[in-house]
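A.B. asks: Just passing along the structure, written as structure tokens.
The values are calculated or read from the model by the stated rules, or taken from the named source; none is laboratory data. Computed from a predicted structure; not experimentally measured. Cβ placement follows ideal geometry from the backbone for every residue including glycine, while neighbour counts extend to all protein chains displayed.
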Amino acid sequence: MIRSSKSSMRNVLYIIAVCVCVCVCQADMHGLLTFVLIPSTQSRPPPVKESVVHVKAHFDYDPSDDPYVPCRELGLSFQKGDILHIISQSDPNWWQAYRDGDEDNQPLAGLVPGKSFQQQREAMKQTIEEDKEPEKSGKLWCAKKNKRKRKKLLYNTHRNDDIDHEEILTYEEMALYHQPANRKRPIALIGPTSCGQAELRQRLLNSQPERFAGAVPHTTRSRRDCELSGRDYHFVSRQTFEAELAAGKLIESGDFEKNLYGTSTDSVRQVINTGKICVLCLHTQALKVLRSSDLKPYIIFIAPPSQERLRALLAKDNKNPKPEELRDIIEKAREMEQSCGHLFDAVIVNADQDKAFNELLRLINKLDTEPQWVPCSWLR
């Protein structure tokens, strides 16, 4: 009796699959096709076992639409947000991987494009599309270059704008993390205006004040008689506010009636130190500072429902938006998902306020019972 290890069986299956692919490719040929396997006469050291690398996919992939995959039958399809277990990177262009949860149902590892290979061909695709722009618009080459320079200059002036539209997203290395009982991850609700994230946040704060809390914001305006520093606001000077902003300590900031307002990472940390869950409503521009901190946020995107359903929900709040305003909200949500979707941990479509609130609670409760995939950089 010959006992085969799981890895050796996979190698045999892989050889069989490759042979099948070759036969498919040679289907139109005639005559006898012979495979000769010659054992190596050279002594080789035992192969080094590769460690499994876990990555989050930041793009969709369908091998049936990929003309470069060595064998489409071996290609592994996945969607943005899927966790992939990379078992081999020996070929830099084509990695071998399993989708998270599919190891038992998928006897053979699939091929996925390697990181550098995917970046190269996406960069080439972008270059081709850019080269076509002057032909479509009828503009000169110099006009196109000047437009790109102006865009870069405009981007640099926005200190809080973290979205680099030129970045080519491929994979992000991940690891499992279980939050400690005494250090809860902050919950960041992201979404366009009028999608209900502010209402969901307030409902959390009101329903369980012993469990949820908001971060106390900073402001440069003068304190009013009824306000307490540290409870309503952290009242600071403009110089102190601008120094914290320059140091990257403010998750978000803005001005209103010549006064500055903002939320600092220290304010969020103060809530975490009390054992409570800090709940934030943020713009996508705040995600860079939040994710680069040690706070380990759990980011939930609150998406709008259909246009008619959105109109009905807003009507309950005595709002009567115009059709173009509804379209703008849905379009803004689409843009946010396209540019920042790789940063979201979960998505809730707010078609029903009660159901959305229950789903939000379910996701938050799951953080206490199940480990979650987080960027490896957070755990180093």
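A.B. asks: Which residue, of Ile277, Ile272, Ile329, Ile299, is touching an Asp or Glu at 6+ places or on another chain (Cβ under 8 Å) and touching a residue at least 40 places away in the same chain (Cβ under 8 Å)?
C.D. replies: Testing whether each residue is touching an Asp or Glu at 6+ places or on another chain (Cβ under 8 Å) and touching a residue at least 40 places away in the same chain (Cβ under 8 Å) leaves just Ile299.
A.B. asks: Please find, among Glu227, Glu244, Glu199, the residue that is over 16 Å from Val271 (Cβ atoms) and free of Cβ contacts under 8 Å to residues at least 24 places away in the same chain. Steps first, please.
C.D. replies: Values: Glu244 fails: free of Cβ contacts under 8 Å to residues at least 24 places away in the same chain; Glu199 fails: free of Cβ contacts under 8 Å to residues at least 24 places away in the same chain.
Exactly one of Glu227, Glu244, Glu199 is over 16 Å from Val271 (Cβ atoms) and free of Cβ contacts under 8 Å to residues at least 24 places away in the same chain, namely Glu227.
A.B. asks: From the list Lys355, Lys296, which one is modelled with pLDDT of 95 or more and surrounded by fewer than 16 Cβ atoms within 10 Å (Cβ to Cβ)? So that I can check it myself, show each step before the final result.
C.D. replies: On the way: Lys296 fails: surrounded by fewer than 16 Cβ atoms within 10 Å (Cβ to Cβ).
The conditions single out Lys355.
A.B. asks: Cβ contacts < 9 Å: first residue on the phi < 0 side of the Ramachandran plot and basic (Lys, Arg), restricted to segment 67-90; second residue in a loop (DSSP other than H, G, I, E, B) and surrounded by fewer than 19 Cβ atoms within 10 Å (Cβ to Cβ), any location; separation 6+ or different chain. Result?
C.D. replies: If the second residue must be in a loop (DSSP other than H, G, I, E, B) and surrounded by fewer than 19 Cβ atoms within 10 Å (Cβ to Cβ), the pairs left are Arg72/Asp66; Lys80/His58; Lys80/Phe59; Lys80/Asp60; Lys80/Leu169.
Each row is one residue, and each column tells you yes or no for (1) modelled with pLDDT of 95 or more; (2) farther than 25 Å from Pro209 by Cβ.
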site: Lys276; (1), (2): yes, no
site: Ala286; (1), (2): no, no
site: Val289; (1), (2): no, yes
site: Ser306; (1), (2): no, yes
site: Leu313; (1), (2): no, yes
site: Lys319; (1), (2): no, yes
site: Glu324; (1), (2): no, yes
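A.B. asks: Restricting attention to segment 224-251, report how many residues are surrounded by 20 or more Cβ atoms within 10 Å (Cβ to Cβ) and under 15 Å from Leu295 (Cα atoms).
C.D. replies: Let us first name the residues in segment 224-251 that are surrounded by 20 or more Cβ atoms within 10 Å (Cβ to Cβ), namely 234, 241, 250-251.
Now restrict to residues that are under 15 Å from Leu295 (Cα atoms): 250-251.
Matching residues across segment 224-251 total 2.
A.B. asks: I've got another one for you. Looking at segment 83-114, which of its residues are surrounded by fewer than 19 Cβ atoms within 10 Å (Cβ to Cβ), at pLDDT 95 or above and within 22 Å of the chain's Cα centre (by Cα)?
C.D. replies: Scanning segment 83-114 gives Ile83, His85, Gly114.
A.B. asks: Looking only at strands (runs of 3 or more DSSP E) that lie completely in segment 197-304, which have at least 2 residues being closer than 28 Å to Ile330 by Cα and of a type in the set (Phe, Trp, Tyr)?
C.D. replies: Details: elements: 250-256, 259-264, 277-282, 298-303.
Of the strands (runs of 3 or more DSSP E) lying wholly inside segment 197-304, those with at least 2 residues that are closer than 28 Å to Ile330 by Cα and of a type in the set (Phe, Trp, Tyr) span 298-303.
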